[in-house]
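Please treat every number below as a calculation from the coordinates, not as lab data. Model, not experiment: these values are computed from the prediction. Here Cβ is always computed from backbone atoms with ideal geometry, including for glycine, and neighbour counts include all displayed protein chains.
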Amino acid sequence: MGDRQAPYRYFKPRKMASWVTELEDILWPANNIVEKIKKRAKSFADAGIDTAINFGFHLRFDFSDYFEMLHGYFKNVCDELHKYGIKFMDHYSCNLVERPRTKEDLYFLHNAHKHHVLLHKDSKAAEFARYEGYRFQDLCEKRVDDGTRGYSWNYQAEMFCHNNPDFLDMHKKYLQRLLEEVPIDGLEIDDMCDYGSFSTCACEYCKERFRKEFGRELPPFEDKDFWGNTDGHPTTWGNYDNPAFRDWVMLKANSARDHIKMVKSIIGDRPLMTCCSATGPMVLNGLGLNLERFMDNLDLLMLENCGMGVNTVIWDRIEAEALMQKNIALNMGNAPALALSYSVYDTGAYMGWAFARFWGVSNWASTLEGRLSHDPGDFKEIHELIGPCNNWEDRYSPLDPCEGEDVYEVRLVNSLLNRENGHRDEQGYDHWTKSSSWSKALLRCNVGYRFVRFTELSDKDRLLSEDTPLIIDNCGVVSDEQFEAIKAYLEKGGKAVIVPPFGTKDAKGFRREKPLFELLEKGNYPGLVILENDLADEAIVKKLMESNVIRPRIRQLEGDDTWAVKIRKHKGRLVMHILNRAIEGIPHPDLTSPYGGGRILLDIKNTNKQEVLSYAVKTDRMEGPWENLYFMSPETGSVKREVAAEQISDDEVKITFSIKDIRLYGIVSQ
């Protein structure tokens with residue numbers, strides 16, 4: 001497994017939107033369904049959407065009795081969209097079937113997941129449900145404690161096992177049929193994971209794979225040396241001090257990875273992606289969600305970056321995940337990364353679009369009305385919500401995120417080896433918690449950064465190819481190759497901020513006799529900066545700036561410091577993106593979510609106090625002078641505001657512009 005050098009070779013979604021389906025669509029070819037397809041396809045074209053993706057009929061094998069009509073519907077959709085040059089991707093869950101077990105589960109399912117389009121089997125009929133001769137209940141994961149069928153509390157569903165050869169054969173045959181009957185342009189196949197977490201799977205196939213791949217027997221549930229404390233949620237189970245359990249963690253990820261590999265071998269010359277709404281936290285080990293292990297057989301990446309609730313306005317908490325996935329996509333031949341945002345009202349759609357622009361990734365706009373308390377009577381379709389943003393972009397600022405080059409001053413390390421081996425520091429923080437705190441602090445100080453993942457950290461040539469400072473916090477698991485690369489970087493005069501623990505364990509999670517940190521300390525490297533083990537914040541970043549360890553490209557001279565700034569180079573010219581952090585969510589008066597009754601975002605208001613921003617910007621990374629600048633935003637429409645530019649040194653320009661009445665986002669460009 002390694003980062004991919006071959007360039008991405010498929011179509012590049014930039015403005016994707018969900019093609020939301022409903023249960024009545026299964027009645028195709030009824031005239032009203034056919035007419036609805038035609039009308040919506042035209043509306044998608046008018047809204048500037050370049051890729052539509054199915055959103056519904058999600059737990060696909062729940063519809064095994066209706067594939068002929070469903071595929072006929074999808075073919076009709078493809079045919080209409082293709083008339084406008086719009087691509088269509090199917091999107092479904094491959095290994096879940098909804099099986100609510102109690103009345104409470106049934107009601108919750110229909111309150112929280114209506115957007116799946118629900119047509120699950122009657123509890124009696126479920127016992128006999130099958131496809132291609134395979135009985136579903138024979139394909140299910142088994143619990144590790146009692147051997148019964150596993151259950152997903154997230155989706156009130158039973159789960160097929162990624163290691164069950166009958167399930168893999170069934171899925172393969174379905175894929176072959178789908179591709180034969182529907183001219184789809186790409187696929188997102190979801191739930192390449194294990195929603196039972198560490199409570200599953202103890203089927204014969206998983207046990208046999210554990211024997212063959214790792215030479216181990218799966219211990220009984222009573223073995224606490226392996227399973228650890230099982231009083232909490234199954235995501236928290238397991239004793240990472242036991243190397244056998246660490247192997248079990250890898251088996252989960254490897255099982256989903258190999259399923260993805262099989263899918264990719266079937267779909268041929270079409271791009272593939274899967275849902276992976278997070279990549280960093282250690283809790284994902286139980287789910288087997290490991291995008292860095294999956295990336296070899298994926299072509300596109302997606303991140304569910306925000307929801308519909310009022311807390312969506314606190315967007316800096318999700319930036320780390322966005323930029324982490326962007327780095328993975330960059331190392332997949334510069335593949336598109338897609339940020340999926342859900343919205344109910346216009347402002348929510350604008351926010352999702354702005355987040356994607358700010359991060360330099362493609363936008364996937366979607367509604368999620370199936371997860372609302374009730375129908376307020378004023379829903380819009382997604383093309384109505386996202387059309388104004390897309391059309392403004394096409395007319396005034398057609399930036400291709402795949403062609404943009406991030407300008408950054410820091411490289412922030414997040415090494416997968418820590419997560420896989422269950423590393424935590426003495427305060428209980430995992431590596432991702434520390435790395436993501438740096439992400440937020442750097443963002444709030446307008447310091448450009450990118451992530452360094454475990455593969456790059458292991459590659460001496462890549463690490464030494466630039467002199468950008470490194471930040472390495474709570475990296476307890478360090479391979480020999482990573483240590484040699486870091487040493488070589490420091491010996492060459494590089495700067496590295498290290499927060500211990502560092503190198504207390506090797507690449508397989510075994511404790512070292514001496515932490516590698518002690519060896520670094522003895523090296524007396526002039527560029528080595530050692531910090532106390534605290535969560536990073538703006539104060540720490542500012543101290544590093546004052547001591548010239550970090551040399552920011554942007555210095556704020558005037559205005560509220562709650563505007564986040566990123567600079568990206570597009571075809572040799574610099575474009576500055578600004579995004580407001582000082583915003584408050586205005587909740588809908590009575591719309592709520594089924595998850596804890598959270599309030600739904602209706603609108604936003606900004607709480608900035610000043611109407612002018614001024615920055616000093618280093619321009620040494622661009623070709624030619626930075627002049628004839630203007631400020632624009634969807635909020636200004638066609639109006640370009642003047643940007644006053646003053647050369648204050650050979651490589652630094654002072655810019656000043658008005659943000660009066662701007663609530664969220666804008667750009668400074670030429």
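Among Ser638, Ile550, Leu602, which residue has its Cα furthest toward the positive end of the charge dipole of region 504-658, with +1 on Lys/Arg Cβ and -1 on Asp/Glu Cβ? The residue sitting farthest along the positive end of the dipole is Ile550. Quick one: go through region 601-632 and flag any residue whose amide nitrogen is under 18 Å from the point 7 Å out along the Cα-to-Cβ line of Glu646. Label zone hits: 611-619, 626-630. Between Arg177 and Asp480, the modelled labels are 5.2 nm apart [label points 7 Å from Cα along Cα→Cβ]. If both residues of a DSSP beta bridge must be in the chain, then about 55% of such bridges are antiparallel. In a reduced charge model with +1 at each Lys and Arg Cβ and -1 at each Asp and Glu Cβ, region 410-546 shows a dipole moment near 180 debye about its Cα centre. Each principal axis of the Cα cloud of the chain was taken in turn, and the coordinate range along them, longest first, works out to 76, 65, 46 Å. The phi-based Karplus calculation (6.51 cos²θ - 1.76 cosθ + 1.60; θ = phi - 60°) puts the 3J(HN,Hα) values of region 367-378 at 8, 8, 5, x, 10, 10, 5, 6, 8, x, x, 10 Hz, whole numbers, x for Gly and Pro. Taking amide hydrogens as placed 1.01 Å from N in the peptide plane, the amide H of Thr592 sits under 5 Å from those of Ser373, His374, each at least 5 positions away in sequence or on another chain. Each of Arg462 and Val283 was given a label point 7 Å from its Cα along the Cα-to-Cβ line. The distance between the two points is 2.9 nm. Per-residue ellipticity at 222 nm, computed for the chain from helices alone with -39500 (n - 2.57) per DSSP H run of at least four residues, works out to -9000 deg cm²/dmol. Could you work out the relative contact order of region 16-73? I mean the mean sequence separation of Cα pairs under 8 Å and 6+ apart, divided by the number of residues, in percent. This gives 59 percent for region 16-73. Translational diffusion of region 4-112 was estimated from the Stokes-Einstein equation, with Rh taken as the Kirkwood radius over Cα pairs; at 10 °C and 1.306 mPa s the coefficient is 102 µm²/s. Couplings 3J(HN,Hα) of region 476-481, computed from phi: x, 9, 10, 6, 4, 5 Hz, in residue order, whole Hz [Karplus 6.51 cos²θ - 1.76 cosθ + 1.60, θ = phi - 60°; x for Gly and Pro]. Between Asn474 and Val499, the built amide H atoms are under 5 Å apart, and every one of these is 5 or more places off in sequence or on another chain. Amide H contacts under 5 Å for Val529: Ala496, Val497, Ile498, restricted to partners 5 or more places along the chain or on a different chain, H placed in the peptide plane at 1.01 Å from N.
For the cross-link pairs Lys36/Lys264; Lys460/Lys495; Lys571/Lys654; Lys15/Lys173; Lys380/Lys440, which exceed 26 Å when the distance is taken from alpha carbon to alpha carbon? Listed pairs above 26 Å: Lys36/Lys264; Lys15/Lys173; Lys380/Lys440. So if I take the centroid of the Cα atoms in region 474-529 and the same for region 118-184, what is the distance between those two points in Å? Result: 46 Å between the Cα centres. Fraction of C-alpha pairs exceeding 22 angstrom in region 156-229: 41 percent, rounded to a whole number. Relative to the 2.2 N^0.38 Å rule of thumb, region 410-546 has a C-alpha radius of gyration ratio of 0.96. Computed from backbone phi, the HN-Hα couplings of region 348-353 come to x, 5, 4, 4, x, 4 Hz, rounded to whole numbers (Karplus: 6.51 cos²θ - 1.76 cosθ + 1.60, θ = phi - 60°; Gly and Pro given as x).
Converting the Cα gyration tensor eigenvalues of region 381-433 into ellipsoid dimensions via √(5λ) gives semi-axes, longest first, of 40, 18, 9 Å. Computed from point charges on the beta carbon alone (+1 for Lys and Arg, -1 for Asp and Glu), the dipole magnitude for region 579-651 about its Cα centre is near 380 Debye.
Taking square-rooted eigenvalues a ≥ b ≥ c of the alpha carbon gyration tensor, is region 50-282 rounded, prolate or oblate, where a/c under 1.5 means rounded and, failing that, a/b exceeding b/c means prolate? Verdict is prolate for region 50-282.
Charges were assigned to the Cβ only: +1 to each Lys and Arg, -1 to each Asp and Glu. The resulting dipole of the chain about its Cα centre is roughly 700 debye.
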